[in-house]
Amino acid sequence: MILVTGATGTVGREVVRLLPRSVAVRVMARDPSRVTVPGGEVVAGDFGDPVSLERALQGVVRAFLLTSRVGAGDDVRFVRAARAAGVRHVVKVSAAAVEDEGADDLITCWQRANEELLWECGLRWTVLRPRSFMSNSLSWARSVAGEGVVRALYGTSANACVDPRDVAAAAVCALTEDGHEGRVHTLTGPRPVTALEQTAELGRLLGRPLRFEELPVARARARLLQRHPQEIVQALLAGAERQRAGAKAGVRDTVLRLTGRPSRPFAVWAADHREAFGRLP
């Protein structure tokens, strides 16, 4: 039995879709009505509820772990429950920033602590460290559709962002194959791209020119504060500064080595999500 957490999110949803139907799959979700698992089961569960974790992990051999609440202790509770339930292998989604020199922001430190927890817990583990998701550009969808504008920090700084579908494919390999235990897989796209290049690609797909508007740091901070606590905003801005310094431009061939298929370029991801940018959400 494989347990999948985060199945309503960008990566978890793809993991559920890609897992072979011959494998017993269980999905843990706070709202089971939001998830459909053909041939599998869905159980109600929450990282903050140890009783629900115990129930979700019964009979599970391998688990896909994706958490997002920084500093909430979700990984600690999940790993504790997994050990008690006899789970043998946890595949954890972390972040490539963990290995960036000088990355000491709140989010990166949280991910480092989560990795160390796995290493020391006694379970078999695999860590996936993706670069930023290409799907982050969906935050531009409204301004692209309504104004023909992309607004972002540092338009010429490059990021080897990765298609979430490639992250999910790597996760499925780790969940269904032997030989991934005790390994860290850093996942990137095939080449680094800038926000200016992404803007041009979206314009080409939409058949109309798009304008890029570089945000001053103060304005970017104000926009982020509308959605995130101050400490998270500081971490995101620190990440943008590291990207501007070139820390996120490195490319790995990990997706090809794991799946036998090269990682998708941004142009492919954008073409598959064109509709999101062509109309108001």
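Tabulated data
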{"item": "Selection status of Arg264, of a type in the set (Lys, Arg) and not in a helix (DSSP H, G or I)", "result": "yes"}
{"item": "Selected residue [charged (D, E, K, R), within 21 Å of Glu147 (Cβ to Cβ) and in contact (Cβ under 8 Å) with a residue 40 or more places away in the chain] from Glu231, Glu214", "result": "Glu214"}
{"item": "Boolean, Thr176 is surrounded by fewer than 21 Cβ atoms within 10 Å (Cβ to Cβ) and in contact (Cβ under 8 Å) with a residue 12 or more places away in the chain", "result": "yes"}
{"item": "Pick from the range 113-124, criterion of a type in the set (A, V, I, L, M, F, W, C) and part of a loop (DSSP other than H, G, I, E, B), ranking: nearest to Gly48 (Cα to Cα)", "result": "Cys121"}
{"item": "Residue list for the range 198-219, restricted to those being in a helix (DSSP H, G or I) and under 17 Å from Leu138 (Cβ atoms)", "result": "Gln198, Thr199, Glu201, Leu202, Gly203, Leu205, Leu206"}
{"item": "Selected residue (criterion: farthest from the chain's Cα centre (by Cα)) from residues of the range 11-37 that are basic (Lys, Arg) and within 17 Å of Val91 (Cβ to Cβ)", "result": "Arg26"}
{"item": "Subset of the range 245-279 [touching a residue at least 12 places away in the same chain (Cβ under 8 Å) and charged (D, E, K, R)]", "result": "Lys248, Arg252, Arg261, Arg264, Arg274, Arg279"}
{"item": "Among residues of the range 149-181, those that are at positive phi and either modelled with pLDDT of 95 or more or β-branched (Val, Ile, Thr) (or both), counted", "result": "1"}
{"item": "Leading residue by the ranking (farthest from Val162 (Cα to Cα)) among those in the range 241-254 that are crowded, with 17+ Cβ neighbours inside 10 Å and among the aliphatic types (A, V, I, L, M)", "result": "Ala247"}
{"item": "Those residues of the range 85-112 which are over 19 Å from Arg242 (Cβ atoms) and part of a helix (DSSP H, G or I), in sequence order", "result": "Ala85"}
{"item": "From Arg257, Arg223, Arg211, residue being over 22 Å from Ala103 (Cβ atoms), surrounded by fewer than 17 Cβ atoms within 10 Å (Cβ to Cβ), modelled with pLDDT under 95 and more than 18 Å from the chain's Cα centre (by Cα)", "result": "Arg223"}
{"item": "Single match in Arg77, Arg26 (criterion: part of a helix (DSSP H, G or I), touching a residue at least 12 places away in the same chain (Cβ under 8 Å) and surrounded by fewer than 23 Cβ atoms within 10 Å (Cβ to Cβ))", "result": "Arg77"}
{"item": "Thr186 touching a strand residue (DSSP E or B) at 6+ places or on another chain (Cβ under 7 Å) and closer than 25 Å to Val149 by Cβ", "result": "no"}
{"item": "Hits in the range 110-159 - residues which are of a type in the set (Gly, Ala, Ser) and in contact with a Lys or Arg (Cβ under 8 Å, 6 or more places away or on another chain)", "result": "Gly122, Ser132, Ser143, Ala145, Gly148, Ser157, Ala158"}
{"item": "Yes/no for Thr199 being within 24 Å of Arg223 (Cβ to Cβ), without any contact (Cβ under 8 Å) to a residue 60 or more places away in the chain and crowded, with 19+ Cβ neighbours inside 10 Å", "result": "yes"}
{"item": "Matching residues in the range 125-171 - criterion: being buried (at least 17 other Cβ atoms within 10 Å of the Cβ), assigned to a helix (DSSP H, G or I) and among the basic types (Lys, Arg)", "result": "Arg165"}
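The values are calculated or read from the model by the stated rules, or taken from the named source; none is laboratory data. Note that this is a predicted model, so its numbers are computed, not measured. With ideal geometry, Cβ positions are generated from the backbone for all residues, glycine too; neighbour counts draw on all protein chains shown.
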